[in-house]
Amino acid sequence: MLPDLSPKAAQIVGFTRQLLVNGGYNSFSYADLAERVNITKASIHHHFPSKEALVKTVVMFYREDATEGLASLQRQLNDPVAELNAYTAYWAGCITSGESPFCICAMLATEMPTIPEEVAAEVRGHFQALTDWLAGVLARGAAQGRLHLTDSPAQSARAFLAVVHGAMLVARALADPKAFAAIVQPAIGKLTQAA
């Protein structure tokens, strides 16, 4: 269950989310955050006793947003191919605008050996939920004869997830937002072509 946040705590969560997108767990301190939010470190500790508690809260809200967004795709589109395209178009837009150019759970996953277990558990939960959603989309598409899988829906979902997050990484590394779509669109094309 998500905690109720005061306006100041919500502001702290928002700034932390951006810091996580830009550099991950180990890239900032409460001093950095205090400067951005224009409050004292003690005030941050009042809302979030530890960095672990703060980042866990951020990831919990991020997961909730993702879950709602993915469920909305299915409700609005109810078309597996359109859902895959909408999912990747969402990320293409985020990367192009610079608003949220990287999945915070992907960023945190790169730090798994060094982040606290409570945060790591939330990250694993995000990836499992995303894999489950993708597997469901792929299974529906395969049942309709619109998507052609070379493996189980679960394994195909993991492969597609790797393409999406790898494309984010390439776009970031090359400072080329267009690289994302150039990588993910052929992956969708392969799924829609008969073997």
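No value in this document is a laboratory result; all are computed from the given coordinates. If you're wondering where the values come from, they're calculated on a predicted model, not measured in any experiment. So basically every Cβ, Gly included, is an ideal-geometry build from the backbone, and we count neighbours across all protein chains shown.
Determine the calculated [θ] at 222 nm for the chain from helices alone, applying -39500 (n - 2.57) to every DSSP H run no shorter than 4 residues and normalising by the residue count; nearest 500 deg cm²/dmol.
Numbers: 9 runs with 147 residues, N = 195.
That comes out to -25000 deg cm²/dmol.
With a cut-off of at most 13 other beta carbons within 10 Å, and DSSP calling the residue loop, which GluC sites (Glu not before Pro) in segment 53-142 qualify? Please list them. List each step's numbers first, then the result.
On the way: sites: Glu64, Glu68, Glu83, Glu99, Glu111, Glu117, Glu118, Glu122; in loops: Glu99, Glu111.
Here the GluC sites (Glu not before Pro) that fit, given the DSSP loop and packing criteria, are Glu99.
So if each residue of separation counts as 0.36 nm, and I subtract the Cα-Cα distance between Glu64 and Ala182, what length gain in nm does that give? Mind dumping the intermediate values first?
Details: separation 118, 0.36 × 118 = 42.48 nm, distance 2.86 nm.
Extra length from Glu64 to Ala182 when fully extended: 39.6 nm.
To the nearest 0.05, how large is the calculated FRET efficiency for Ala71 and Phe127 if R₀ is 22 Å and r is the Cβ-Cβ distance?
On the way: r = 17 Å, r/R0 = 0.78.
That gives a FRET efficiency of 0.80.
If you find the alpha carbon centre of segment 1-53 and of segment 126-174, how far apart are they in angstrom?
Measuring centre to centre over Cα atoms gives 32 Å.
Given the Cα-Cα distance of Ala154 and Asn26 and 0.36 nm per residue of separation, how much length would full extension add, in nm? Please report the intermediate quantities before stating the final value.
Numbers: separation 128, 0.36 × 128 = 46.08 nm, distance 3.15 nm.
The Ala154-Asn26 span can extend by a further 42.9 nm.
In the chain, what is the count of Lys pairs whose alpha carbons are under 22 Å apart, counting only pairs at least 8 residues apart or on separate chains? Intermediate results must be reported in sequence, preceding the final value.
Working: Lys8/Lys41; Lys8/Lys51; Lys8/Lys56; Lys41/Lys51; Lys41/Lys56; Lys178/Lys190.
Lysine pairs meeting the criterion: 6.
Evaluate the distance, in nm, between pseudo-label points positioned 7 Å from the Cα of Gln144 and of Met112 along their respective Cα→Cβ axes.
Simple spin-label model gives 3.2 nm for this pair.
Given a Förster distance of 22 angstrom, what is the FRET efficiency for Thr40 paired with Ala10, based on the Cβ-Cβ distance and rounded to 0.05? Don't jump to the answer; show the numbers that get you there.
Numbers: r = 18 Å, r/R0 = 0.81.
Between Thr40 and Ala10 the formula returns 0.80.
Find out how many positive minus negative residues lie around Asn26, taking Lys and Arg as positive, Asp and Glu as negative, among other residues whose Cβ is under 11 Å from that of Asn26.
Neighbourhood net charge equals 0.
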